[in-house]
1. Looking only at the range 628-661, count every residue that is more than 19 Å from Phe406 (Cα to Cα), not in a loop (DSSP other than H, G, I, E, B) and not aromatic (Phe, Trp, Tyr) and tell me the total.
2. Across the range 299-345, what is the total count of residues that are in contact (Cβ under 8 Å) with a residue 40 or more places away in the chain, in a strand (DSSP E or B) and under 22 Å from Gly641 (Cβ atoms)?
3. Counting just the residues of the range 641-659 that are aliphatic (A, V, I, L, M) and over 25 Å from the mean Cα position of the chain (by Cα), which one comes out nearest to Thr679 (Cα to Cα)?
4. Could you list all residues from the range 544-567 that are more than 20 Å from Asp504 (Cα to Cα) and either aromatic (Phe, Trp, Tyr) or under 31 Å from the mean Cα position of the chain (by Cα) (or both)?
5. Name every residue in the range 286-298 that is under 14 Å from the mean Cα position of the chain (by Cα) and either outside any strand (DSSP E or B) or of a type in the set (Ser, Thr, Tyr) (or both), in order of residue number.
6. Do you know which residues across the range 133-187 are modelled with pLDDT of 95 or more and hydroxyl-bearing (Ser, Thr, Tyr)?
7. Since Pro426 meets every condition but one in (1) on the phi > 0 side of the Ramachandran plot; (2) in contact with a Leu (Cβ under 6 Å, 6 or more places away or on another chain); (3) in contact (Cβ under 8 Å) with a residue 60 or more places away in the chain, which condition does it not meet?
8. All but one of (1) surrounded by fewer than 20 Cβ atoms within 10 Å (Cβ to Cβ); (2) farther than 26 Å from Met639 by Cβ hold for Gly510; which doesn't?
Amino acid sequence: MTATALRSGSAPGDRRVLAPGTFWYDTMRRAGQNNFNERDPEILDVEAWIDYWKRLKINTLLLSGGGIMAFYPTEIPYHHRSRYLGDRDLFGEFAAAAKREGMRVVARMDPNWCYADGAEAHPEWVARTADGQPVHHPEVPELFRTCMFSTFYTEQMSAIYREMNARYDIDGFFTNGWPSTGRRPPWYNTEHQRLAGLPPQEFYRIYEDRVLEIWRLWDSIAKERSPENLYVGNLGGGIRAVTDVMAIAKVAGWFNADHQGRNNQTPVWDCAQQGRVAHAVMDGRAVTNVTGGYANADPFWRHITKAPEETTLWMAQSTASGMVPWYHWLGGAPDDQRFRRTGEAFFGWLAEHERHFRNEAPVANLAIVFSQRTNAFYQPPGGGDVTDYLQGWYYALLEARIPFEFLHEQNLTAERLKKFAAIVLPNTAMLSDAQAKAVEDYVAGGGAVVATFESGCFDEWGHRRAAPALARLFGVEVAGPPFGAAQGEHRHHRRGHLARIEGDHPIVTGFGDTTLLPYGEFRLPVAPGGADLLSIVEPYAAFPPEMVYTDMPRTQETALSARRHGQGRVVWFSGDIDRSFWLSTNGDLGRLMANAVRWALDGRQPVRIEGQGLVDVFPWQTQDGYALHILNYTSPNMMRGWVRETYPLGPQSVTFEVAPGRTIRAVEALRAGRSLPFTQTGTTVRFTLDGIADYEVAALT
């Protein structure tokens, strides 16, 4: 690759010279996808769809090619052609039309299933239950689940890729549904049944090695056509991801999150959260996120349009978090056309203001550590979802309006940590010796750490340590295993600890007329002493009312360690207040957490926004200056369902710190379409947004 190579630019038909090491997918700003169904070759109007994608000004188009089903006249044995294909080459026709308009074309593939003829000829392709029975698709039983450890992945899919490379002017391949980033697959082919019984740590390494092997293989095949081509996998999963996305990011040119929407019990910020995960591992390289225009809820309606307010906010979250939005529809002849207007409106606005979305670096100086090993190996006391701890911090920081990033656990290094004024360990249970040492050195050098519960109690492979790796940093002596009150007959009668305010400190201020606060359901007991800020109050009965009291209203056991260490600051909560906040949404817990972060930051907060409403804040340094993205999550459907109406916010006062020597000449509200008055004193820029509907971007240039 040379600096003078021509690659696709920022709009269809635009060609420009890119800097060395920059690829066409790094300049992508808008993507679209047609996901074909078997009948589409009979009814799909290619030119009508191309006209639609032109109106959206997309750079890249993804089209169904094959894997389960071929939408072109394949000659690969057991590669099932669509029954409606006839003499048509739907993929080739569509790809050629897109290329005429200057779009990049990526073939969407699916390696997860095969038909009976392939399963009979190659039984080794098929995943099986423990008793040897083939696994069928639950909705389409004629399909057989393939095993990623089989030759279906290394030989059959490779042959399909090479056939398409030879026939079509394509720019790469994308696989739907692979690799899985969740828990371990339950089924394998006969040769690999032993994997089902391996300890998590051993399986983790074998699975990761296989994913990387296949990824590299498929990427090398994509590059047989052109060194600019690539393979793109499916890397969604957000904070629930177990598969090591950092390891994959090291071999991936482009991270795609197939994070199309939320189900009935998912918070609205799930997409922006995925963006933070992707940015944490890709270091500014290409990241896309799929937004389904259809109703991907429970129950599912694949041919019904989603509420436009929800879809727009999902694409806005993709944009705000640094991902390229990718709009998707399934089926080539939709009866429900309402999805079209939503895509046109948002993508048209994106194209109009594209120069402000060329991000160079995030401005936030606070990071939440994202630990996939904790996801993989940690068993929370009392059971439940291991991501509740991180989710609690996420929610607390949204309420506090403190901008933040994610820091992947593998980036707990001196080089990466020096960017941040403070980090949060949300019960980051798994830490290696090297990671613990990096955190200690970071604090000694002036950084700040806020941690909870069992952070550092295990090594990187899930083995419990004799003492937490950061106990000396926290200034405590752990006195036993995690403790929680016995669970009642009904799960919702779980009893939490309480904490008594014992002293005056910024972390324990703002609670009004009380000396007693809620605390975590579980705590890590520590040796008595040092309870000068918050002391533990043991759980006591919640029912019957006559017994709701305690004979021990005060203990000598600390609930909070807040101390200076070296040049830095350390906060540790002995309880799972983050998880308890997420489960209860008790505002006292959220305030306690936000206070701890503010004390740790010690005034080093580059962006402050004053106003009403629940917002998510993404400040970016851009090629043109700065862009402050503000997402309005204020909605009765914030925690479940879909946003179906926008609840506008009133004025928002912004204080934004720019780099020394940087003079701002204009501030513009891009969604509102107006210039804003502002002041600049030194590095501090102040302005007020008149209001925010669903999403606003303030561009500082």
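1. 7
2. 5
3. Step by step, filter the range 641-659, then rank; the result is Val654.
4. The one that is more than 20 Å from Asp504 (Cα to Cα) and either aromatic (Phe, Trp, Tyr) or under 31 Å from the mean Cα position of the chain (by Cα) (or both): Tyr549.
5. Of everything in the range 286-298, those that are under 14 Å from the mean Cα position of the chain (by Cα) and either outside any strand (DSSP E or B) or of a type in the set (Ser, Thr, Tyr) (or both) turn out to be Thr288, Thr291.
6. Thr146, Ser150, Thr151, Tyr153, Thr154, Ser158, Tyr161, Tyr168, Thr175
7. Every condition holds for Pro426 apart from (1).
8. (2)
The values are calculated or read from the model by the stated rules, or taken from the named source; none is laboratory data. Quantities reported herein were computed from a predicted structural model and do not represent experimental measurements. Virtual Cβ from ideal backbone geometry, glycine too; neighbours counted across all protein chains shown.
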